[in-house]
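Computed from the coordinates by the stated procedures, all read-outs in this text should not be read as laboratory data. Since the model is a prediction, treat every value here as computed from it, not as a measurement. Cβ sites come from the backbone with ideal geometry, for glycine too, and all protein chains shown count toward neighbours.
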Amino acid sequence: MITRQRLAAGVCGLLAALAVGLPPTPAAADAPAAKEPPKVELVLDVSGSMRATDIDGKSRMAAAKQAFNEVIDAVPDEVRLGIRTLGADYPGPDRQQGCKDTRQLYPVGTLNRTEAKTAVATLAPTGWTPIGPALLGAAQDLEGGDATRRIVLITDGEDTCAPLDPCVVAREIAAKGIHLVIDTLGLVPDEKTRRQLVCIAEATGGTYTSVRHTDELSGRVRQLVDRAADPVVTPVATEGGRQCQGAPQLKPGLYSDRESFGEHRWYRVDVKPGQELRASVSLAADRAVNNDYGVLIRATTAHGREIVRGSEAGDGRTDVISAGLRYPKGEVDEDDEASGADSGAGTETVCLQVSNSFSAPAGVKTTPGMPLELTVDLVDGPGDASDAASFGLGRGWWLLLVLVLAGLLAGLVWGWLSRWRVSVWRTN
């Protein structure tokens, strides 16, 4: 007969089994030191030219407000965001006064989304375009600490307050060694504006993007804010080969190169069985180019057999075009064995070819080549059970086993309990 003591022992055994199966909680003392939250300041041009209605049938200011609202909604919680304006307050003709017209609209700190949106909603196109003073002000807003710092400048025109050249200001900021990056976005930019914004970005290791549509503005600003939250590793300079044989051997990481118009460049990556190769390439049109272009990245074996490819086409509406591919490495095949590349371990040498179909208008220099960024990553694929157990799949099976065991024990306890109740009922 099942006694209460045995029932209690069975329940305790079940709880003990579950307790043993649960992973231990790391001690609070072993937790790593908290990382300082990244800081980002959005600098928005509110000069009179933002009244122009050439972005999706609406004014540049309306497009910027819509994009800002979407960005504010999507800002990661760990990012400390601020907003600074230029040309938002002084509408008069006094150049000296107009070139002082920059202020912090929302302080850099923990974001109150409602307050930030309300502040942006009050803006109306007003005055001059003091980009240089605004960059100096933004740099001061972000001072202090060791956090990642980023300025995102959104403007539709070149600075109107020379001789304080914003490009020189950006170089001075970079020379301080405070690791502050300035990214620039030009709203329907002309060539002079484009050159100035490219210079500002390049001085601090930032990026330049031209924008002609609201969704492009919102998407790019969100991408840059996310990049501050998860900083990209500094690219390693490399030089692709003219063919796979002799091309540079790349490990997981971020690489920079330059590729001429219509050129093919090759790189090599060793992929082990059970790994998945993930590669992506971005090519920046840092000068005027003809419309209709594309970028291709393809993976081949060492003997030229194509494995997989990724491509993307553009039509002149963006300055950066990207493409990527994924290749899960399976068992050793004939091409692997023939290549002789560590065939005993099954390692395969994958050749990555990066090509572009850019062309330049008459009078545009084609040298040096256009900036190229190549990202290479090797992750454990589903085919390698031993590694999968360390990266989550094994934990899934382990948890399933624990649940099955718990169900079995619970069933036994319930059976014991039922038999005990029946026994008690018969006794009475």
Rounded to 0.05, the calculated FRET efficiency for the beta carbons of residue 226 and residue 412 at R₀ = 35 Å is 0.10
For residue 126, the residues 5 or more places away or on another chain with a placed amide H closer than 5 Å to its own amide H are 47, 48
Checked the range 159-242 with the C-alpha gyration tensor, a ≥ b ≥ c its square-rooted eigenvalues, rounded below a/c of 1.5, otherwise prolate if a/b is larger than b/c and oblate if not; verdict rounded
What Kirkwood radius, in Å to one decimal, follows from the Cα pairs of the range 161-308? 18.2
Based on the Cβ-Cβ distance from residue 122 to residue 326, what FRET efficiency comes out when R0 is 56 Å, to the nearest 0.05? 0.75
Lysines near residue 100 by alpha-carbon distance under 25 Å, same-chain residues fewer than 8 away left out - which ones? 39, 65, 117, 176, 192
By how many nm would the segment from residue 309 to residue 103 grow when fully extended, if each residue of separation counts as 0.36 nm and the alpha-carbon distance is taken off? 69.3 nm
Give me the distance in nm between label points sitting 7 Å out from Cα along the Cα-to-Cβ direction at residue 168 and residue 366, one decimal. 3.7
Quote the charge dipole size of the range 78-135 about the Cα centre in Debye, to the nearest 20; the model charges only the Cβ of Lys and Arg (+1) and of Asp and Glu (-1). 80
Yeah, the range 39-229 with a ≥ b ≥ c from its alpha-carbon gyration tensor (a/c under 1.5 is rounded, else prolate when a/b outruns b/c, oblate otherwise) is rounded
Explain nothing, just compute: Karplus ³J(HN,Hα) = 6.51 cos²θ - 1.76 cosθ + 1.60, θ = phi - 60°, for every residue of the range 135-143 in order, whole Hz, x for Gly and Pro. 5, 4, x, 5, 4, 5, 4, 9, 5
What's the magnitude of the charge dipole for the range 39-229 around its Cα centre, counting Lys and Arg as +1 and Asp and Glu as -1 at the beta-carbon? Answer in Debye, nearest 20. 60
Calculated FRET value between residue 52 and residue 260, using beta carbons and R₀ = 35 Å, to 0.05: 0.45
Counting Lys and Arg as +1 and Asp and Glu as -1, what is the net charge of the other residues whose Cβ lies under 9 Å from the Cβ of residue 76? -4
In terms of modelled amide H atoms, which long-range or inter-chain residues lie less than 5 Å from the amide H of residue 111? 81
Long-range HN-HN contacts of residue 308 with modeled amide H, under 5 Å: 299
